[in-house]
Amino acid sequence: MIEMNPDNGRDPVEDYHALNRELASFSPLLSEKPQVVAAGKMDLTGSEEKLARLRSELAVDIFPVSAMNGTGIRDLMNHVFLRLEKFRADETDDVTER
């Protein structure tokens, strides 16, 4: 989850990289897994500019969401569900091929 609050003075791209550095220090293997990014606080005026910057800088799936009004939550959950289903199918194929 990367916060898009336009008033917090944070850079969402740097926040993303900081989270990934922290993840890699915890587990290099985990940091190499596919990622889905939720861009939060999208209900706030001005958050679109931060989202545009994030999208222009990163080559990952980014889903704008707002817990305040529920926008984007269903799309995010559906995407994660489909990614997990594909992962499970791939894992089953790998076991079957052995």
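The values are calculated or read from the model by the stated rules, or taken from the named source; none is laboratory data. Predicted, not measured: the structure shown is a model, and the values here were computed from it. When we count neighbours, we look across all protein chains shown, and the Cβ atoms used for this are built from the backbone with ideal geometry, even at glycine.
Summed over the range 4-27, the residues that are under 17 Å from the mean Cα position of the chain (by Cα) and in a helix (DSSP H, G or I) give a count of 13. Scanning the range 12-42 for residues being closer than 12 Å to residue 58 by Cβ and not aliphatic (A, V, I, L, M) gives a total of 7. Considering the range 69-90, the residues that are among the charged types (D, E, K, R) and either over 27 Å from residue 45 (Cα atoms) or surrounded by fewer than 12 Cβ atoms within 10 Å (Cβ to Cβ) (or both) include one that is nearest to the chain's Cα centre (by Cα), namely 83. Considering only residues in the range 48-66 that are of a type in the set (Gly, Ala, Ser) and at pLDDT 95 or above, the one that is surrounded by the fewest Cβ atoms within 10 Å (Cβ to Cβ) turns out to be 56. If you go through the range 28-66 and pick out every residue that is of a type in the set (A, V, I, L, M) and part of a helix (DSSP H, G or I), you end up with 5. Pairs, please: C-beta under 8 Å, at least 6 apart or cross-chain, first residue more than 16 Å from residue 14 (Cβ to Cβ) and in the range 42-60, second among the β-branched types (Val, Ile, Thr) and buried (at least 16 other Cβ atoms within 10 Å of the Cβ)? If the second residue must be among the β-branched types (Val, Ile, Thr) and buried (at least 16 other Cβ atoms within 10 Å of the Cβ), the pairs left are 42/65. The residues of the range 6-33 that are touching a Lys or Arg at 6+ places or on another chain (Cβ under 7 Å) and surrounded by fewer than 17 Cβ atoms within 10 Å (Cβ to Cβ), listed by number, are 6, 13.
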